[in-house]
């Protein structure tokens, strides 16, 4: 399922909604334990898991350059929110009768040429997270999938700009 984009005042809100057939505990572990995070988004490493804690983002460009990201909201097994450049990424997790619902919300101040790249990346990472929960580990990031979603998110972002 593709994310949706809504404009509210001077910002855009992107919503990825993923029903998962896994418990909140299992999904939370994949979101917050570094050995598991590395299997669905190898750029991220949690340094200090708490509100005002830190996450490290590896640029993965061969320079060993890292960015420090601040955790802006944190509730155990419910919320993990952090800065994402000038924007914010928020994971919300809740139980349902079939397992859990994982929602990724990205608050974006300005849509840029990079926005569809980020959205395609988040989409593929959420697919990798789901696969990991289902027992499949991908050795490499699936660039062909990313390209497919980039094209779709470019159209979605272009439509959102018209609003």
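Just so it is clear, none of the values below were taken in a lab; they were calculated from the coordinates. Source: prediction; values computed, not measured. Quick reminder, even Gly has a Cβ in these numbers, built from the backbone with ideal geometry, and neighbours come from all protein chains shown.
For the reader, a short list of remarks on this structure follows.
- Listed by Cβ neighbour count within 10 Å, with the fewest neighbours leading, 24, 103, 137, 157 appear as 137, 103, 24, 157.
- Structural size metrics of the range 103-163, computed from C-alpha coordinates, are Rg and Dmax of 12.9, 41 Å.
- Over the chain: helical MRE at 222 nm, DSSP H runs n ≥ 4 each giving -39500 (n - 2.57), nearest 500: -10000 deg cm²/dmol
- Cβ-Cβ distance of residue 48 and residue 26, R₀ of 30 Å, FRET efficiency by 1/(1 + (r/R0)^6): the value works out to about 0.85.
- 113, 81 arranged by Cβ crowding within 10 Å, fewest neighbours leading: 113, 81
- With the biggest extent put first, the Cα atoms of the chain measure 42, 40, 33 Å across the principal axes.
- Restricting the calculation to Cα atoms, the range 35-111 yields a radius of gyration followed by a Dmax of 13.5, 45 Å.
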